[in-house]
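Working notes for the structure below.
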Amino acid sequence: LEMAIENLQKNEGITSHKSSLLNSHLQWLLDNYETAEGVSLPRSSLYNHYLRHCQEHKLDPVNAASFGKLIRSVFMGLRTRRLGTRGNSKYHYYGIRLKPESPLNRLQEDTQYMAMRQQPIHQKQRYRAAQKMDGMAESASNSTPHTTPEQSVAAQCQHHQQFIDVTHVFPEFPAPDLGNVLLQEGFTLNDVKTLQVLYRRHCEATLDVVMHLQFHYIEKLWQSFWSPKAAPSDGPTALPSSEEEPEGTLPKDKLITLCKYEPILKWMRSCDHILYQALVEILIPDVLRPVPSTLTQAIRNFAKSLEGWLMNAMSEFPPQVVQTKVGVVSAFAQTLRRYTSLNHLAQAARAVLQNTSQINQMLSDLNRVDFANVQEQASWVCQCEEGMVQKLEQDFKLTLQQQSSLDQWASWLDNVVTQVLKHHEGSPSFPKAARQFLLKWSFYSSMVIRDLTLRSAASFGSFHLIRLLYDEYMFYLVEHRVAQATGETPIAVMGEFGDLTSLSPTLLDKDDIELGTEGDPGEPLVKRERSEPGHPLQDI
């Protein structure tokens, strides 16, 4: 507050007497707003909030221009953007949002302004699409008679944003490695630089749209970049516009020619890995944290549509270019599906792990399992160190006996991965050792579940649910360890295995189809199974 007053006195020439009168105005801004990267609010929304505050407290308001100076004195570095459709765009402050605890969140007027920010297109069409494609129709139909569907969807978007990471910093892209290869005829080095700028801004727009949970805008965004002639020049567009338009443009034929150039295609693939990894970390910053089912379903619907949207947008591009782009998008979509499934399993498993009677029954059933027989059968296949297997068995039982929380179990699983793979750190064999660990973990898991099944264990359902969760989480941990070891993003690691024709020698050995006979230490439970959130896991 003192800094803001000092700035006003220094930059605007406001006297000490006048600045003291503005104390309550400045304090109100600090109490209700906060900086937040990637979030924007309409300027008119903030000013109307301010006028309401002055009216309620019988204060003399300043005009809109002076109010803008007040805001910038409190939130220094605030940027202004013009967002919205052609002919209907509005100025927004970029980098500021309402505090979650602010009473302004409860105002109906604020909901309407949030709707303008979240849904900047013709209202009826826009919200119908949002309800259909973003999986939010149910809550809109259940809204009160005094709340419009537009307000319901906007309020739900605002509510969902607290579960995603809106402060995520978008990493820089690498420069394309053209090497000593001569540029093809038809384009110059300036064309390459123009593509770098345009593609970076296109990716930033994609990130901004996803950060605001406007998933259906992605289709229009891709169409405008890859098939710019597909959108009518005189009609409204659903893309956020900005005052900062790119200085250069590329004709579609030149864009196609550039994309066919191998170094450019490789560079674009690397950029896509960075972009989609950032989107995953924004949408699902913590795979174990409870999130609303409506948000989970919206993300899954988004993932389901991605490949079709991109293929339609790039229908006129060569098959090799489309295959490369779609390959990365497929890995992104698959990652979203896996992580939402993992999150769903985690929420279902919490109830089991917090139930004392179920935990006691699981411990009783587990103590009846013949682990000596399990080890005897598994040792021939896995050739694991017996001491390590016994230690993991004892640690598992002890952790279960202590009625550990889900977070404590996650920490235990992480320690298991660290312990097993520590001998391979820094070695080219790390990815293979990690995959071998998952296979052996799976085999031991199936043997334990088989024993519980044959004994008709009363807690079989609970074990089955826990096994699914630990399986998915173990896979999540291992893919991140492999990504860290290879210097790639998890999206890039999984994308490699999605396209068997382009597997990196670092990630796949020629004899990788074999189970392997290396004596990697230690493995217990869990076989990989696919699970959809639609399963009635709570009934288990």
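The residues of region 27-59 that are open to solvent by 10 Å² or more (accessible area, probe 1.4 Å), of a type in the set (Ser, Thr, Tyr) and touching a strand residue (DSSP E or B) at 6+ places or on another chain (Cβ under 9 Å), listed by number, are Thr35, Ser44. A Cβ distance below 6 Å, combined with a sequence gap of six or more or placement on separate chains, defines the contacts here; from region 331-342, residues that are more than 10 Å from Leu306 (Cβ to Cβ) reach residues that are crowded, with 21+ Cβ neighbours inside 10 Å and among the small types (Gly, Ala, Ser) in the pairs Ala331/Gly495; Arg337/Ala303. Considering the conditions (1) within 25 Å of the chain's Cα centre (by Cα); (2) modelled with pLDDT of 90 or more; (3) not hydroxyl-bearing (Ser, Thr, Tyr), Ala433 is excluded by exactly one of them, (1).
Filter region 172-210 for residues that are modelled with pLDDT under 90 and surrounded by fewer than 13 Cβ atoms within 10 Å (Cβ to Cβ) and give the result. If the condition is that a residue be modelled with pLDDT under 90 and surrounded by fewer than 13 Cβ atoms within 10 Å (Cβ to Cβ), then Asp177, Gly179, Asn180, Val181, Leu182, Gln184, Glu185, Gly186, Thr188, Leu189, Asn190 are the ones that fit. Pairing residues of region 459-486 that are under 17 Å from Gln403 (Cα atoms) and open to solvent by less than 10 Å² (accessible area, probe 1.4 Å) with residues that are acidic (Asp, Glu) and in a helix (DSSP H, G or I), at Cβ distances under 7 Å and at least 6 apart in sequence or on separate chains, gives Ser459/Asp365.
For Gln436, are the conditions met, namely being touching a residue at least 60 places away in the same chain (Cβ under 8 Å) and assigned to a helix (DSSP H, G or I)? Yes, satisfied. Only residues that are assigned to a helix (DSSP H, G or I) and in contact with an Asp or Glu (Cβ under 7 Å, 6 or more places away or on another chain) were counted in region 268-290, giving 2.
The residues of region 60-76 that are free of Cβ contacts under 8 Å to residues at least 60 places away in the same chain and either crowded, with 16+ Cβ neighbours inside 10 Å or over 15 Å from Asn48 (Cβ atoms) (or both), listed by number, are Asp60, Val62, Ala65, Ser66, Phe67, Gly68, Ile71, Arg72, Phe75. Where residues in region 6-26 are in a helix (DSSP H, G or I) and open to solvent by less than 30 Å² (accessible area, probe 1.4 Å), which of them is modelled with the highest pLDDT? For region 6-26, the residue satisfying everything is Leu26. Residue-level check: of (1) buried (at least 21 other Cβ atoms within 10 Å of the Cβ); (2) touching a residue at least 60 places away in the same chain (Cβ under 8 Å); (3) not hydroxyl-bearing (Ser, Thr, Tyr), Lys325 misses just (2). In region 285-321, the residue that is surrounded by the fewest Cβ atoms within 10 Å (Cβ to Cβ) out of those that are of a type outside the set (A, V, I, L, M, F, W, C), within 19 Å of Asp165 (Cβ to Cβ) and in contact with a Ser or Thr (Cβ under 9 Å, 6 or more places away or on another chain) is Thr294. Would you mind stating whether Gln377 is open to solvent by 80 Å² or more (accessible area, probe 1.4 Å) and of a type outside the set (A, V, I, L, M, F, W, C)? For Gln377, the condition - open to solvent by 80 Å² or more (accessible area, probe 1.4 Å) and of a type outside the set (A, V, I, L, M, F, W, C) - is not met. Just so you know, in region 382-411 the residues that are modelled with pLDDT of 85 or more and in a loop (DSSP other than H, G, I, E, B) include one that is surrounded by the fewest Cβ atoms within 10 Å (Cβ to Cβ), and it is Gln402.
The values are calculated or read from the model by the stated rules, or taken from the named source; none is laboratory data. Source: prediction; values computed, not measured. Using ideal geometry, Cβ is built from the backbone for each residue, glycine included, and neighbour counts are taken over all protein chains shown. The protein model used for the area step is the full one, side chains on, heavy atoms only, and it has no ligands, DNA or RNA in it. Shrake-Rupley method; radii C 1.70, N 1.55, O 1.52, S 1.80 Å.
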